[in-house]
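Each reported figure results from applying straightforward, stated rules to the coordinates on display, with no laboratory input. The model shown is predicted, which means the values in this text are computed figures rather than measured ones. Glycine gets a Cβ as well: all are built from the backbone with ideal geometry, and neighbour counts include every protein chain shown.
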Amino acid sequence: MTTTFSGQLASIRLPTFTVPSLPPSHTRSPQETNRLKERIRRLLQEQNAVLVAHYYTDGDLQDLAEETGGCVADSLEMARFGTEHPASTLVVAGVRFMGETSKILNNEKRVLMPDLAATCSLDEGCPIDLFSRFCDEHPDYTVVVYANTSAEVKARSDWVVTSGIALPIVRHLAERGEKILWAPDQHLGRYVQRMTGVEMLLWPGSCVVHEEFRAEALEQMMQRHPGAAVLVHPESPQTVVDLADVVGSTTALIQAVRDLPNPEFIVATEPGIFNKMKQVAPEKTFFVAPTAGEGATCESCARCAWMAMNSLEKVAEVLESGTNEILVSPQLAAKARVPIQRMLDFAKEMKKKEQTSKKG
Ligand code: SF4
């Protein structure tokens, strides 16, 4: 994948990387799944470990995380959960930057991942050397990076944000008269720019999954399901975002399923999230938004092949072998923690203000 952009997008040649094919789905019987879960339960207990899974991972894995006192969440909440849980080992089922963020915030804990090859197109498309040079060329911009980045890129930034908190942080920076250099997701960056009107320079990265959602096909689907609410993650193209009833992070989309009265939902994000959506609203029906389909650049069409690398089998294996440990040097972790902590402090302050204004 080699792309050049112009305009408000940075004119940068992104590195080439390969998106893997979706791994074949497992062929376990329900009895085998239960035996495997039992084995993992025992290993977690023996090793004072806790399982932390992302909403996009396999449903069995998400269920086991919750059944064993772990958590299923977005990337920020996954990292925060690790800091508050007393376990000495965190098994992070997700993609590499999530394991790294957990390690950055919990440097004294052991962090294991089911598959170290599980990465993210946003992370791959924003290598530190290229990014650092770009920041150096724009010293008058405040550097804001999305959580889907390497520890090195986080360490080079002023702020780390998630999709859930990007808008208030960028508004806050704009009030201080700051201009923003945003990386790596151009679609989320453009959405934040449109919502805030702030001057932003966008890195030209994208998520290979969300980028495949298509507005025209979505409009046709909406006509077939006139009672459905359309939920869109802002990593999707602008034309798709424009059709949404709700635009937001994975957590916000799950909240919308809970809050909205609609019996049906068309969802433009990775369908692993349906596991949680069905849990919070079992009586409702969910459809994955249409993607480019035949000829699409994605291998999976709305499935993230990297997230799909996580499985119960691999969780059991890493707990037994102690392999796939995430290591981040204490020096790098200390640097990368600064912009993450800034975001966490901002979130805490924001929550406090909201509570005060509710009381008032
Ligand atoms: S869904 Fe997109 S943003 Fe999320 S891990 Fe996969 S490639 Fe990265």
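What the table below lists for this structure:
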read-out	value
Positive dipole terminus of the chain, leading residue within Met222, Ala347, Thr285 (C-beta point charges)	Ala347
Extended-chain gain in nm, criterion 0.36 nm per residue less alpha-carbon gap, Ser11 and Glu219	71.7 nm
Farthest positive-ward along the chain dipole, Cα basis, beta-carbon charges - from Thr239, Val153, Ser102	Ser102
More than 17 Å apart - percent of Cα-Cα pairs taken over the range 1-71	62 percent
Inverse mean reciprocal Cα-Cα distance (Kirkwood Rh) of the range 251-360, Å	18.5 Å
Percent breakdown of C-alpha pair distances by 10 Å bin, ordered from the shortest bin, for the range 161-278	14, 43, 31, 12, 1
Bins of 10 Å from zero: percent of alpha-carbon pairs in the range 210-303	18, 54, 26, 2
Cross-link partners of Lys284 among aspartates and glutamates (Cα-Cα below 14 Å; sequence separation of 8 or more within a chain)	Asp259, Glu264
Two-decimal Rg/Rh across the range 95-159, once Rg and the Kirkwood Rh are taken from alpha-carbon atoms	1.01
Antiparallel DSSP beta bridges within the chain, as percent of all bridges there, nearest 5	5 percent
Alpha carbon centroid spacing (whole Å) that separates the range 49-81 from the range 92-116	12 Å
Relative contact order of the range 210-303, pairs being alpha-carbon contacts under 8 Å that are 6 or more residues apart, as %	33 percent
Dimensions (Å) - the range 307-360, Cα atoms, principal axes, largest first	54, 30, 18
Rg in Å to one decimal, and Dmax rounded to a whole Å, for the range 80-126 via C-alpha atoms	11.0, 35
Diffusion coefficient, µm² s⁻¹, Stokes-Einstein with Kirkwood Rh over alpha-carbon pairs of the range 74-208 at 10 °C and 1.306 mPa s	103 µm²/s
Label point distance in nm, Glu108-Glu320, each placed 7 Å from Cα along Cα→Cβ	3.2 nm
Distance in nm between pseudo-label sites at Ser29 and Arg133 (7 Å out along the Cβ direction from Cα)	5.8 nm
Relative packing of peptides 345-355, 104-114 - highest average C-beta neighbours within 10 Å first	104-114, 345-355
Exposure proxy order (Cβ contacts within 10 Å, fewest to most) of Met277, Met98	Met277, Met98
The chain, relative contact order [Cα under 8 Å, separation at least 6], %	22 percent
Stretchable slack from Asp345 to Asp245, in nm (0.36 nm times residue separation minus alpha-carbon distance)	33.0 nm
Relative contact order (percent, whole number), the range 96-251, Cα cutoff 8 Å, 6+ residue spacing	19 percent
Subset of Lys37/Lys109; Lys37/Lys278; Lys109/Lys314; Lys276/Lys335; Lys154/Lys179; Lys179/Lys335 violating a 25 Å alpha-carbon distance limit	Lys276/Lys335
Potential extension, Ser329-Leu116 segment - 0.36 nm per residue separation minus Cα distance	75.0 nm
Stokes-Einstein D in µm²/s, Kirkwood radius over Cα pairs - the range 246-288 at 4 °C with 1.567 mPa s viscosity	127 µm²/s
Distance cut-off 26 Å, percentage of C-alpha pairs in the chain lying past it	51 percent
Mean projection area, nm², convex hull over Cα of the range 19-128	7.4 nm²
DSSP-defined antiparallel bridges as percent of all bridges, the range 210-303, nearest 5	10 percent
